[in-house]
Amino acid sequence: MIFWPRPALHDGETSVLEERASYARGGLARGGLLVLTDRRLIFQPNRLEAWTLLKPSTWPRTTIQEVAVAPTGEDLLAGGWRRRLQITLTDGRRAVFVVPRVDELQARLAAALKP
């Protein structure tokens, strides 16, 4: 049994990068898988989180303005005691993820998102 179910991809869509991640939202960090495809960024909740009715989240690549490392100190119950991956969208919203090797993943994502 795969703890991280594979996200549903659209016809012809291909996965570029995958990493375990916890999505920091609502004051908690929810576990799952962060997947970058040639079309979008997807957070696929793990089976436990999906059981609690957490749905996948997706962001078209064209809406991603910046990939950065968020400073510590914000939302301590959502991993704020450590540096986290921060995705800033063109409309100003942010998505924050607790990931292993945050600096490495930030560099890989930023490079993969370059036009």
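For the stretch 1-41, which positions are in a loop (DSSP other than H, G, I, E, B) and closer than 18 Å to P100 by Cβ?
Within the stretch 1-41, F3, W4 meet the criteria.
Being surrounded by fewer than 16 Cβ atoms within 10 Å (Cβ to Cβ) and modelled with pLDDT of 95 or more, is that true of even one residue in the stretch 31-42?
Yes, the stretch 31-42 contains a residue that is surrounded by fewer than 16 Cβ atoms within 10 Å (Cβ to Cβ) and modelled with pLDDT of 95 or more.
The values are calculated or read from the model by the stated rules, or taken from the named source; none is laboratory data. This structure is a prediction, so every number in the text was calculated from the model and none was measured. Don't worry about glycine lacking a Cβ; one is built from the backbone with ideal geometry, like all the others, and counts go over all protein chains shown.
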